[in-house]
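First up is the structure itself, then whatever we jot down about it.
The values are calculated or read from the model by the stated rules, or taken from the named source; none is laboratory data. On a predicted model such as this, the values are computed, not experimentally measured, just so you know. Because the Cβ atoms are built from the backbone with ideal geometry, glycine has one as well, and the counts that use them run over all protein chains shown.
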Amino acid sequence: MFDGVGGFIVGLDHANDVIGQTRYQTTYSNQFEPSRKSQDAFEVGLYRFPNTKHIPTDVEKIDDSVFDEMKENGVNMIVGGFPCQDYSVARSKQKERGIEGKKGVLFWSIIRAVNHIKPEYLVLENVDRLLKSPSKQRGRDFAIMLGAFNQLGYSVEWRVINAAKYGQAQRRRRVFFFVYRNDTKFAKTIDQKYSQPNLFEQDEDTYDQYIFKDGLFARQFPIVQTPYKGRHYTQVLSTVDSDDLEYVPDISDNFTGKIWNTGIMRYGQYFTIDTAPTETEKPITLGEIVAKAKETEPVIDEKYYINNAERLEKFKYLRGAKKIERTTTDGHKWIYSEGGMAPYDSFDLPARTMLTSEGSVNRSTHLLFEDGRYRLLTPIEAELIQDFPANWTKYKKDAETGEISEVSDRMRMFFMGNALVTGIVKRIGIELNKIIVENQ
């Protein structure tokens, strides 16, 4: 679901390579961008995955019968990075709408699909700000999601993962969900290990054991074995029975609680800990990415260099420290301040988080200084930073004519700003395979 240019598929296919068998096979894919006439991402998928059934339809308009067909055809896992515009730090607090926002409501399409397909597992991804959304009732949106999965008989693990802390090339923080049905063998093994269905009725060491050692994320993405600054918290999502129609609305209306970057929800109660990575894995540096890109494209096209003095001055201004007086709609004046950035991005560090504005004259855009000249990232470098193969998004296939054509640089950068780090998905897939094998 919300496939983009196939980041989850790439990651799970790479997991298959490590596993040595086709554990994961993508049979259906849905990608649709309602704000665009040209469905470029969908057409990249057509080009890259000819054996997958691609659905170029607004997910809210997919008929229930299509999800029923998926169940009949053996679909037992849903993956996707559902739209995050309403939670993104790029949105102002005045404009954020969280679960109530136009894009935020698409989460309910996941729940509808789950209700029909009843998959054993889901792996989902979103921006880490989701855990604090909305600003006036922090954690409510995520609590609603946990409650919705609980109603359908699922448990949810989550972890905010900074890709650079686990050997990747980008300082990209995203929250990943591992969702599993409560009647799976893995869930039953957990129940048996903790001697009862509700592991939270035991002492603190019990749920610490799950979060620090037994959960999928703990096993694949090691963390320091004590809560960061002692932060941990547990509570039930709602005192209303989960079978009651008022269960989720009650969470929406009344939720108050803390949600840290790591946690587990089972049977309507959640436990969460603020955790820190062990930082034992060396990240890939921007310099290494630049060198790798040159294996495919040895000569950088002149169009990526900044030869315009005015444009370069604009970058210097945007990356510099500043204090600007601003006025609200009611006439109140205030000072907006912004700290300075390095004049250009270091080749000795992993890349910063790429946004959809990458490549434009923007404070968030990477600015490289190489051989005495300033330039932007190339599309290949952007793909490698997200751990896609070089030139992954170069071509697309027209859905009607079958014609193969090149994708514009602007769209390729937009794709990568929206994408996820496929290496993280690969590791999730490797660990899920171990869980499946252990519980056969």
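Among the residues of segment 333-354, those identified as without any contact (Cβ under 8 Å) to a residue 60 or more places away in the chain and of a type outside the set (A, V, I, L, M) are Lys333, Trp334, Tyr336, Ser337, Glu338, Gly339, Gly340, Pro343, Tyr344, Asp345.
Of the helices (runs of 4 or more DSSP H) lying entirely inside segment 1-88, the ones with 3 or more residues being under 20 Å from Glu383 (Cα atoms) and of a type in the set (A, V, I, L, M) are found at 7-19, 40-48. Inspect segment 306-319 for any residue being of a type in the set (A, V, I, L, M), in a loop (DSSP other than H, G, I, E, B), modelled with pLDDT of 95 or more and under 27 Å from the mean Cα position of the chain (by Cα) and give the result as yes or no. Within segment 306-319, not a single residue is of a type in the set (A, V, I, L, M), in a loop (DSSP other than H, G, I, E, B), modelled with pLDDT of 95 or more and under 27 Å from the mean Cα position of the chain (by Cα).
Among the residues of segment 164-193, those that are in contact with a Pro (Cβ under 8 Å, 6 or more places away or on another chain) and farther than 19 Å from Gly268 by Cα comprise Ala164, Lys165, Tyr166, Gly167, Gln168, Ala169, Gln170, Arg171. When Glu358 is tested against the conditions (1) free of Cβ contacts under 8 Å to residues at least 24 places away in the same chain; (2) charged (D, E, K, R); (3) touching a His at 6+ places or on another chain (Cβ under 8 Å), the lone failure is (1). Name the residue that is surrounded by the fewest Cβ atoms within 10 Å (Cβ to Cβ), counting only residues in segment 234-255 that are in contact (Cβ under 8 Å) with a residue 40 or more places away in the chain and not small (Gly, Ala, Ser). Here the answer is Asp243.
Among residues of segment 381-401 being polar (S, T, N, Q) and in contact (Cβ under 8 Å) with a residue 60 or more places away in the chain, the one that is surrounded by the fewest Cβ atoms within 10 Å (Cβ to Cβ) is Asn391. Within segment 376-404, the set of residues being within 25 Å of Ile424 (Cα to Cα) and part of a loop (DSSP other than H, G, I, E, B) comprises Leu377, Thr378, Gln386, Asp387, Phe388, Pro389, Ala390, Asn391, Trp392, Thr393, Lys394.
Are any of the residues in segment 27-38 touching a strand residue (DSSP E or B) at 6+ places or on another chain (Cβ under 8 Å), surrounded by 18 or more Cβ atoms within 10 Å (Cβ to Cβ) and touching a residue at least 60 places away in the same chain (Cβ under 8 Å)? No - not one qualifying residue is present in segment 27-38. The requirement of being buried (at least 19 other Cβ atoms within 10 Å of the Cβ) and either more than 22 Å from Leu376 (Cα to Cα) or more than 23 Å from the chain's Cα centre (by Cα) (or both) is not satisfied by Ile404. Looking only at segment 323-347, filter to residues that are among the charged types (D, E, K, R) and more than 17 Å from Leu376 (Cα to Cα); which one of those is surrounded by the fewest Cβ atoms within 10 Å (Cβ to Cβ)? The extreme case among them is Asp330.
Within the option set Thr296, Thr365, Thr378, Thr353, being touching a helix residue (DSSP H, G or I) at 6+ places or on another chain (Cβ under 7 Å), surrounded by 17 or more Cβ atoms within 10 Å (Cβ to Cβ), within 27 Å of Gln168 (Cβ to Cβ) and of a type in the set (Val, Ile, Thr) holds for one residue only, Thr378. With the structure loaded, tell me whether Gly74 is more than 18 Å from Ala143 (Cα to Cα), in contact with a Phe, Trp or Tyr (Cβ under 9 Å, 6 or more places away or on another chain) and modelled with pLDDT of 90 or more or whether it fails that test. Considered against the rule, which asks whether it is more than 18 Å from Ala143 (Cα to Cα), in contact with a Phe, Trp or Tyr (Cβ under 9 Å, 6 or more places away or on another chain) and modelled with pLDDT of 90 or more, Gly74 comes out as no.
Of all residues in segment 180-208, those that are out of contact with any helix residue (DSSP H, G or I) (no Cβ under 9 Å at 6 or more places or on another chain), modelled with pLDDT of 80 or more and either aromatic (Phe, Trp, Tyr) or under 16 Å from Gly263 (Cβ atoms) (or both) total 1.
Only residues that are over 18 Å from Asp141 (Cβ atoms) and either in contact with a strand residue (DSSP E or B) (Cβ under 6 Å, 6 or more places away or on another chain) or of a type in the set (S, T, N, Q) (or both): list them for segment 237-248, please. Matches in segment 237-248: Thr239, Ser242.
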